[in-house]
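To start, the structure itself, in structure tokens.
The values are calculated or read from the model by the stated rules, or taken from the named source; none is laboratory data. Predicted, not measured: the structure shown is a model, and the values here were computed from it. FYI the Cβ positions are ideal-geometry reconstructions off the backbone, even for glycines, and counts take in every protein chain you see.
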Amino acid sequence: MSRNKVILLGNLGQQPELKHFKNGTCVSNVSLATSNSWKDKNSGEKKEITEWHKLVFSGKSAEVLAQYCRKGSKLFVEGRLQTRKWQNQSGVEQYTTEIRVLDFQMLDSKQSVSQSANTQEKSNKSFEKPTYTHNPNIQEPAQNQYNKDEIDWDDEIPF
């Protein structure tokens, strides 16, 4: 059995923007920077390379990202790779590979996130650091519409 899973630890490259659609869903597309540094064996010089990754957050996770994260926020992200194909204005087929985020954790301290939010929004709201898991293939039920005894918890085990 093959699995399509990506795990990244990095910093947001831009301020998250939330886009709402007519059907009620929302999406946030952001970039995540991951870096690797090493010491060059020949010159002794410290070197670093940064990779940029396109992330797609949807649903509640997009809302949480837009509300609590800022450019530079440190995130732990789990998701899956997805490649999309389209035609540009010249009719040439183009491809992009992005990471569909299924789970993420904010790793900034409450104080640094609150200071960032206060600087950008001029608010003194308290901050809770949520962790959110989102499976876009499962429609989230409304509260109290299911019996927790009916849930098959074995379906949630990833192995």
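Which count do you get for residues in region 18-60 that are under 12 Å from the mean Cα position of the chain (by Cα) and either in a loop (DSSP other than H, G, I, E, B) or loosely packed, with under 12 Cβ neighbours inside 10 Å (or both)? Residues in region 18-60 being under 12 Å from the mean Cα position of the chain (by Cα) and either in a loop (DSSP other than H, G, I, E, B) or loosely packed, with under 12 Cβ neighbours inside 10 Å (or both): 1 in total. Cβ separations smaller than 6 Å between residues 6+ apart or across chains give the following pairs from region 71-87 residues that are in contact (Cβ under 8 Å) with a residue 12 or more places away in the chain and under 19 Å from G13 (Cα atoms) to residues that are part of a loop (DSSP other than H, G, I, E, B) and acidic (D, E): S73/D108; K74/D108. For region 1-31, the candidate set comprises residues that are hydrophobic (A, V, I, L, M, F, W, C) and in contact (Cβ under 8 Å) with a residue 60 or more places away in the chain; within that set, the residue that is nearest to R80 (Cα to Cα) is V6. When the strands (runs of 3 or more DSSP E) confined to region 63-133 are screened for residues that are surrounded by fewer than 13 Cβ atoms within 10 Å (Cβ to Cβ) and modelled with pLDDT under 90, those reaching at least 1 such residues are found at 74-87, 131-133. Only one of the numbered conditions (1) over 15 Å from L107 (Cβ atoms); (2) part of a strand (DSSP E or B) is not met by N4, and that is (2).
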